[in-house]
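Take a look at the structure below.
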Amino acid sequence: MPATLPQPASLRTPPSVVAAIIGVSAVASAFIFWLVYVHPPVDAAGASFNFLPALNALLNAAAVSLVFGYRFIRARRIPQHRAAMFTAFVFSSAFLVSYLATYFLHGETRLPVAHTGVLWYTYAIVLFATHIPLAIIALPLILITFFLSLTGRFPAHKRLARWTYPIWLYVSVSGVFVYFIQAVVRR
């Protein structure tokens with residue numbers, strides 16, 4: 001078992017920072033739950049913003065940046081890795097704004113009542129059993145991983161990124177899957 005060297009006190013992550021990130025993430029998740037499941041939709045001035053769900057799926061292009069970022073770090077191309085991860089973060093942040101706007105304006109996507117078959121059950125399992133819980137977990141993981149990187153805590157960043165990357169990638173890809181199933185079923 002390899003011994004780990006103690007980090008100097010200046011490189012230790014303050015627990016208060018991690019607690020603040022987790023707290024902000026919990027409040028954000030509660031707000032999203034309220035917005036999606038409780039808040040009545042407000043279609044601004046009767047205008048229909050039907051393009052927003054497609055925009056949400058497009059903004060999940062963060063997955064492409066994540067894959068590039070992973071490949072760059074494996075090749076030890078640090079500046080390219082950093083650029084790819086910032087790009088993924090920007091896409092994910094834009095997605096979150098677009099997602100909130102979609103649910104503020106339109107509310108929850110209502111699918112027809114009668115659903116059967118493998119595709120429907122796959123959709124339900126992906127959305128409710130994996131996508132939503134992992135999206136809730138991904139937010140604080142992404143923020144903490146970025147914090148560790150931006151503050152030069154690279155050993156801790158690397159350890160946490162091993163968990164953050166696959167979860168973030170799955171949430172991005174499964175989000176596009178959910179959108180396409182919703183778009184196909186609603187037609």
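The values are calculated or read from the model by the stated rules, or taken from the named source; none is laboratory data. Only a predicted model underlies this, so the values are computations on that prediction, with no experimental measurement involved. Glycine also receives a Cβ, built like all others from the backbone with ideal geometry; neighbour counts cover every protein chain displayed.
Couple of notes before you dig in:
- Among the conditions (1) part of a helix (DSSP H, G or I); (2) farther than 20 Å from PHE177 by Cα; (3) at pLDDT 95 or above, ARG76 misses just one, which is (1).
- Test: GLY175 is among the small types (Gly, Ala, Ser) and under 17 Å from THR13 (Cβ atoms): no
- Candidate set: the stretch 1-35, residues that are at pLDDT below 80 and surrounded by 10 or more Cβ atoms within 10 Å (Cβ to Cβ); chosen: the one farthest from TYR179 (Cα to Cα): GLN7
- Test: ALA63 is under 18 Å from the mean Cα position of the chain (by Cα), under 17 Å from TYR99 (Cα atoms) and buried (at least 16 other Cβ atoms within 10 Å of the Cβ): yes
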